[in-house]
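The values are calculated or read from the model by the stated rules, or taken from the named source; none is laboratory data. Keep in mind the model is a prediction, meaning the values are calculated, not measured. With ideal geometry, Cβ positions are generated from the backbone for all residues, glycine too; neighbour counts draw on all protein chains shown. Keep in mind that these areas ignore ligands, DNA and RNA; they rest on the heavy atoms of the full protein, side chains included. Shrake-Rupley method; radii C 1.70, N 1.55, O 1.52, S 1.80 Å.
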Amino acid sequence: MQEIVCKDVTAETLYDVLHDTSYRKKWDTNMIDTYDIGRLTVNADVGYYSWKCPSPLKNRDFVTMRSWLPLGNDYLIINYSVKHPQHPPKKDYVRAVSLLTGYLIQSNGANCSTLYYLTQVDPRGSLPKWVVNRVSQFVAPKAMRKIYKASLKYPEWKRKHNPTLKPWMFPEQNTLPCINVADLTVQRADSLENIDESGLSEEKTTQSDDEET
């Protein structure tokens, strides 16, 4: 589990940043695309996310069911991968699997919060050991710092971009089409194609924009 103390950021702001798809396109430089597919309940939806991997690794994408819950002054967001009949694996991506990914945001007073992040992801593909090591050592901590920095700038950005639009807080604002839960199934990793990338060498990769050296 990763955690970061976010000074000068309220728990509600962190919660908004993790939900706001429009803002994510501004700060998540590893993201290729993201969009909401549909809603299940007032606090659950299904969405798509694609992630830029260091070349020559293939890029990854996910279809996940996300649910969220305000807990007084704290907030919880979790997701896991699902199959959606209209969003099958794409030719140019490896469909990765979120077994369980979650954020817990705890309020530490009027203007401070702590973000906890736990993820269990199967990236699919027979990846080299150095890739797995790099991800565990750098990617998650770097992502946490990026979320913190993005949260510091979010209030000003939001004031200029639909400041009252927060469908994750106000369900009556949600205009996504409804999804029948019967159309979804849990995405099992063993049902996906296994891409062999084990022969790739570390020297031949190019780093992504926000990867630390």
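In table form, for the structure just shown:
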| item | result |
| --- | --- |
| Which numbered condition LYS142 fails, given (1) assigned to a loop (DSSP other than H, G, I, E, B); (2) at pLDDT 80 or above | (1) |
| Filter result for GLN2 (more than 27 Å from LYS160 (Cβ to Cβ), modelled with pLDDT of 95 or more, open to solvent by 40 Å² or more (accessible area, probe 1.4 Å) and not aliphatic (A, V, I, L, M)) | no |
| Per-region count, region 1-12, residues in a loop (DSSP other than H, G, I, E, B) and among the hydrophobic types (A, V, I, L, M, F, W, C) | 2 |
| Which numbered condition LEU165 fails, given (1) more than 30 Å from PRO123 (Cβ to Cβ); (2) of a type in the set (A, V, I, L, M, F, W, C); (3) at pLDDT below 95 | (3) |
| Conditions (1) among the hydroxyl-bearing types (Ser, Thr, Tyr); (2) surrounded by fewer than 20 Cβ atoms within 10 Å (Cβ to Cβ); (3) over 14 Å from the mean Cα position of the chain (by Cα): number failed by THR10 | (2) |
| Unique match (being more than 21 Å from ILE105 (Cα to Cα), of a type in the set (Asp, Glu) and touching a helix residue (DSSP H, G or I) at 6+ places or on another chain (Cβ under 9 Å)) among ASP8, ASP33 | ASP33 |
| Matching residues, region 26-48, being basic (Lys, Arg) and over 19 Å from HIS87 (Cβ atoms) | LYS26 |
| Filter result (under 29 Å from SER67 (Cα atoms) and either outside any loop (DSSP other than H, G, I, E, B) or modelled with pLDDT of 95 or more (or both)) within region 180-213 | VAL181, ALA182, ASP183, THR185, VAL186, ALA189, ASP190, SER191 |
| Among the residues listed as SER50, SER22, the single one being among the small types (Gly, Ala, Ser) and over 18 Å from PRO167 (Cβ atoms) | SER50 |
